[in-house]
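First up is the structure itself, then whatever we jot down about it.
The values are calculated or read from the model by the stated rules, or taken from the named source; none is laboratory data. If you're wondering where the values come from, they're calculated on a predicted model, not measured in any experiment. Here the Cβ positions follow ideal geometry from the backbone for every residue, glycine too, while neighbour counts run over all protein chains shown. For the accessible areas, the whole protein counts, side chains as well, though only heavy atoms, and no ligand, DNA or RNA atoms are used. Shrake-Rupley method; radii C 1.70, N 1.55, O 1.52, S 1.80 Å.
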Amino acid sequence: MRDMELRDTGLNGIPRRRFLAHLFDIPPLLLGLAALSHPSSKISQRTSAPRPLIVSDRIDLEEVRARLTDFWIQNDGASQDVFHTLDMTLKRLYECYPTTASSERLEVVTALCELHIHAANLLRDRGKFSKSLEHLNKTKDLHVLLNDDELKADVLYRRGGLYLEKGEISLALDDYHTAEQKLNNVSAPLQAAVLLETALSEARIADSKQQCTAVLKKLDQAGRIIRVERTEVGREKKPYLKVDVARYHLDRAATLIALGNPDEAQQELTLLSFSQLSGRRSVYQLILQAQACFGLKEYSQAAMLVEEALPLARTMCSRVNLERIKTLYKQLQDTPFRNNPEVGRLGYLLFHT
């Protein structure tokens, strides 16, 4: 308990101790707390207990989940509205917990954990890695108390993705490998997602034929789960995660590029139809096509593809994809193609518009 008390999980001081007291049914006096008071007369304080809060009466969690999922899919750029919704919902859940009925406590804590994961995912896409990590760290006590392997593995998966985007591969693999240990106890979509991201991370550091073969086997394992388990469904009440055949082809192409096989990556991307892609996926496909072209020394085509992706990434406020475009631009500058008009135009669009 002392160790938990020192952690920064967003519930410092008295509010934090009240939260833990209710979770464990610890008498408030044992944590140095007085009994909860309420903004009513002294007479009513003596004669009436606080009315238990039924979460659904005040917060429509299904509506919040739907709004977050729709935003992630539609990518309308209205990020401030989405973050306001997240912040307000988290605030209200934390505030209402002390008067929540015992039967509702599990729902509140689960919702808090899920919403922190949602926030972390959105912030990661915008390149706000520190804030994203703050939200993931706030789930530590929550998902441990829930003893829910799905949420524990999901937090590890999201944090691994954050480290992967930062280029901290060893930290990403630490989280992914820990998540892999829980695969037998989590949903099929999350199983496949963890395997795909782990394979990509391992491909970044693979330096032997044996390691490359192990990466490809992990991709095949994810592919089997996706096709057999129909993983495009099954996560409706968890933080948004869409794992389907299109996601598989995109991640396999990215891994093949990391393994130094751009020709095979191109072939993988041809298996995707235009109707399968929208939003961030359409941008990611263009960037992967550009990366494959770069690997094949088709520099002009690579420049044109990322130029097409640039305005889409900006509209979505997707800092992660903007950084991928900038990285490819810098790589083009290190080639004999650096003085060609296509590279100059890309640089102008990146830094002067």
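General observations
- Subset of segment 272-323 (residues that are open to solvent by 10 Å² or more (accessible area, probe 1.4 Å) and not in a helix (DSSP H, G or I)): L272, S273, L277, S278, L296, K297, E298, M316, C317
- Conditions (1) more than 16 Å from the chain's Cα centre (by Cα); (2) crowded, with 22+ Cβ neighbours inside 10 Å: number failed by T198: (1)
- Segment 242-271, subset open to solvent by 20 Å² or more (accessible area, probe 1.4 Å) and of a type in the set (A, V, I, L, M, F, W, C), residue farthest from A66 (Cα to Cα): L259
- Test: D251 is modelled with pLDDT of 95 or more, within 26 Å of V155 (Cα to Cα) and acidic (D, E): yes
- Near pairs, Cβ below 8 angstrom, 6+ apart or cross-chain, from segment 261-276 (farther than 11 Å from Q291 by Cα) to any residue that is charged (D, E, K, R) and crowded, with 16+ Cβ neighbours inside 10 Å: E268/R252
- Hey, L256 touching an Asp or Glu at 6+ places or on another chain (Cβ under 7 Å), within 28 Å of L156 (Cβ to Cβ) and assigned to a helix (DSSP H, G or I) or not: yes
- The set of residues in segment 288-327 that are closer than 12 Å to V343 by Cβ and either in contact with a Ser or Thr (Cβ under 7 Å, 6 or more places away or on another chain) or at pLDDT below 95 (or both) contains only Y299.
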